[in-house]
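Visitor: First the structure, then my questions, so here it is.
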């Protein structure tokens with residue numbers, strides 16, 4: 001895996017800040033694919049989400065909401081057949097020290 005720059009890095013989109021972009025080559029697909037890491041802070045909780053480049057385009061250029069994107073990935077069938085990085089999954093880090101962290 002290697003990192004590259006992006007016009008989205010540092011932007012806040014629908015309350016989520018884009019903090020990282022990773023480009024990966026998968027054995028099951030041709031070419032490279034990008035994933036974006038977004039974070040959102042609420043008090044002592046920091047939420048972290050990974051979105052595919054395709055989903056990022058739908059959100060930024062076609063007006064799709066992040067909430068709609070997350071709901072679309074909640075089915076059991078989708079989770080069973082994911083062969084890449086788990087995308088549109090939100091991880092929560094809850095610590096008192098998060099209160100003082102900046103995203």
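Visitor: Pick from 62, 83, 33: which is at pLDDT below 80 and either loosely packed, with under 12 Cβ neighbours inside 10 Å or touching a strand residue (DSSP E or B) at 6+ places or on another chain (Cβ under 7 Å) (or both)?
Guide: Details: 62 fails: at pLDDT below 80; 33 fails: at pLDDT below 80.
Every option except 83 fails the conditions.
Visitor: Going by the conditions given, is residue 44 modelled with pLDDT of 75 or more, surrounded by fewer than 12 Cβ atoms within 10 Å (Cβ to Cβ) and more than 12 Å from the chain's Cα centre (by Cα)? Spell out how you get there, then give the answer.
Guide: Working: modelled with pLDDT of 75 or more: yes; surrounded by fewer than 12 Cβ atoms within 10 Å (Cβ to Cβ): no; more than 12 Å from the chain's Cα centre (by Cα): yes.
For residue 44, the condition - modelled with pLDDT of 75 or more, surrounded by fewer than 12 Cβ atoms within 10 Å (Cβ to Cβ) and more than 12 Å from the chain's Cα centre (by Cα) - is not met.
The values are calculated or read from the model by the stated rules, or taken from the named source; none is laboratory data. As the structure is a prediction and not an experimental result, all values here were calculated from the model. Neighbour counts are summed over all protein chains in view; Cβ atoms, including those assigned to glycine, are modelled from backbone coordinates with ideal geometry.
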